[in-house]
Amino acid sequence: MTDQELLQAIGQVVEAKMEPIRQDIHELKADVQGLKVDVETLKTDVQGLKADVETLKTDIQGLKVDVETLKTDVQGLRVDVETLKTDVQELKVGYTSLDKQVSTLKDQVTNVRLYLENEQKRTLNLLLEGQQALWDRFVPHEEFDPLEDRTEVLALTVQRHSQEIRELQLRLA
């Protein structure tokens, strides 16, 4: 197996390990978007409550005139407060769920880091050792110089012998 193939195989393993994490992050983003929508709804409800409180203040001023109107308004306010309590309780449940998901994500990130530190480091060291073994098989550059000299002498000798053979062939012909 070549170095390039080993690197491609390692890349595929890492990519396969990272895909579930990417999916989890995508799901977390979607959950956070849902919470943002819920918070905006809660803000709208709170604004509605503020408006109701202002109305209540106005109604209290008119209490001297009509006590029955105030009782009706207070009953409406109680319904709104119960709705708000329900919304706050749902928000707490959503926050707890998000907190658990973040904790799970932190654990997964820690596991990925440990994997990268331990397994990938070991794999890279093995690759580097294999690469060093390949380099050790090659003849060092310093050993080429005497070989080049001997090759030149052999080439000259072959040329001289070829010339002598031609001359002998010409004489015999």
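Each reported figure results from applying straightforward, stated rules to the coordinates on display, with no laboratory input. Predicted, not measured: the structure shown is a model, and the values here were computed from it. Don't worry about glycine lacking a Cβ; one is built from the backbone with ideal geometry, like all the others, and counts go over all protein chains shown.
Find the eigenvalues of the gyration tensor of the Cα atoms of the chain, then list the square roots of 5 times those eigenvalues as equivalent ellipsoid semi-axes, largest first, in whole angstrom.
92, 18, 11
Could you work out how much longer the chain between GLU19 and LYS36 gets when fully extended? Use 0.36 nm per residue separation minus the Cα distance between them, nm to one decimal.
Extra length from GLU19 to LYS36 when fully extended: 3.5 nm.
Angle check, please: helix 144-172 long axis (alpha carbons) against the longest principal axis of the chain (alpha carbons), in degrees 0 to 90, nearest 10.
40
Tilt of helix 3-61 relative to the longest C-alpha principal axis of the chain, in degrees (0 to 90, nearest 10)?
20
At a Förster radius of 30 Å, what calculated FRET efficiency corresponds to the Cβ-Cβ distance of MET1 and LEU114, to the nearest 0.05?
0.70
Please give the peptides 154-160, 35-41 ranked by average Cβ packing (other Cβ atoms within 10 Å per residue), highest first, as a rough proxy for protection.
Those peptides, ordered most packed to least, come out 35-41, 154-160.
Can you pick out the pairs among LYS50/LYS85; LYS36/LYS57; LYS43/LYS106 whose Cα atoms lie more than 23 Å from each other?
Among LYS50/LYS85; LYS36/LYS57; LYS43/LYS106, the Cα-Cα distance tops 23 Å for LYS36/LYS57; LYS43/LYS106.
Can you list, bin by bin at 10 Å, the percent of alpha carbon pairs in the range 1-90, starting at 0?
14, 23, 17, 13, 10, 9, 7, 5, 2, 0
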